[in-house]
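The values are calculated or read from the model by the stated rules, or taken from the named source; none is laboratory data. Just so it is clear, the model here is predicted, and its values are computed rather than measured. For neighbour counting, all protein chains shown are included, and Cβ atoms are generated from backbone atoms with ideal geometry for every residue, glycine included.
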Amino acid sequence: MSENRLEGNYAAAGLKIGIVVSRWNEFITRALLDGALDALRKHGGNPADVTVAEVPGSFEIPVAVHAMAQSGKYDGIVALGCVIRGATTHYDHIASAVTSGISSVMLTTGVPVAFGVITTESIEQAIERAGSKAGNKGAEAALVAVEMASLLKQIRS
């Protein structure tokens, strides 16, 4: 018996990608954005096909992602932010709301959204995930968006 196998790829050429990035913890989120843009460029993406929307903080990411997804202009979206645990429960509420909001957007619109919102215990962990020891999670998220956009195009065709 032969199977039909669908797999996405990392070819960004021709894909319209939206990126929503938080300005909160901008030292980290700017590095995530740079990583995402670099990954798209290295995989054939055209900078003219990428739209970046800046939001004040991670809590605001889902509404901008939702607006991009509903516009019908994007094959995939990348959500970039940084939430660092502090002394209060604020971290837990923000991380949960952003995760839930992004998941809801994907399921209600059918547009893939790559989760590049890093949640860390310290600034040192955030730095590691924004381009040092742990790689750049923004670059990884951009490739997830490309792969999922590619896969969904195959499924829907």
Quick check, is residue 98 surrounded by 20 or more Cβ atoms within 10 Å (Cβ to Cβ), in contact (Cβ under 8 Å) with a residue 40 or more places away in the chain and either polar (S, T, N, Q) or part of a loop (DSSP other than H, G, I, E, B) (or both)?
no
What residue, among those in the range 9-32 that are surrounded by fewer than 23 Cβ atoms within 10 Å (Cβ to Cβ), in contact with a helix residue (DSSP H, G or I) (Cβ under 6 Å, 6 or more places away or on another chain) and not aromatic (Phe, Trp, Tyr), is nearest to residue 74 (Cα to Cα)?
16
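In the range 33-42, what count of residues is obtained for those that are surrounded by 14 or more Cβ atoms within 10 Å (Cβ to Cβ) and free of Cβ contacts under 8 Å to residues at least 60 places away in the same chain? Talk me through it step by step, then tell me what you get.
Applying the first criterion (surrounded by 14 or more Cβ atoms within 10 Å (Cβ to Cβ)) to the range 33-42 yields 33-41.
Applying the additional criterion that residues be free of Cβ contacts under 8 Å to residues at least 60 places away in the same chain yields 41.
Total satisfying the criteria: 1.
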Please count how many residues of the range 129-143 are part of a helix (DSSP H, G or I) and more than 22 Å from residue 64 (Cα to Cα).
1
Would you pick out the residues in the range 1-32 that are in contact (Cβ under 8 Å) with a residue 24 or more places away in the chain and not hydrophobic (A, V, I, L, M, F, W, C)?
7, 8, 9, 10, 14, 16, 18, 22, 23, 25, 29
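So is residue 118 under 13 Å from the mean Cα position of the chain (by Cα), over 17 Å from residue 39 (Cα atoms) and modelled with pLDDT under 95 or not? Quick ask: steps written out before the conclusion?
On the way: under 13 Å from the mean Cα position of the chain (by Cα): yes; over 17 Å from residue 39 (Cα atoms): yes; modelled with pLDDT under 95: yes.
The answer is yes for residue 118.
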Only one of (1) surrounded by 15 or more Cβ atoms within 10 Å (Cβ to Cβ); (2) in a loop (DSSP other than H, G, I, E, B) is not met by residue 126, so which one is it?
(2)
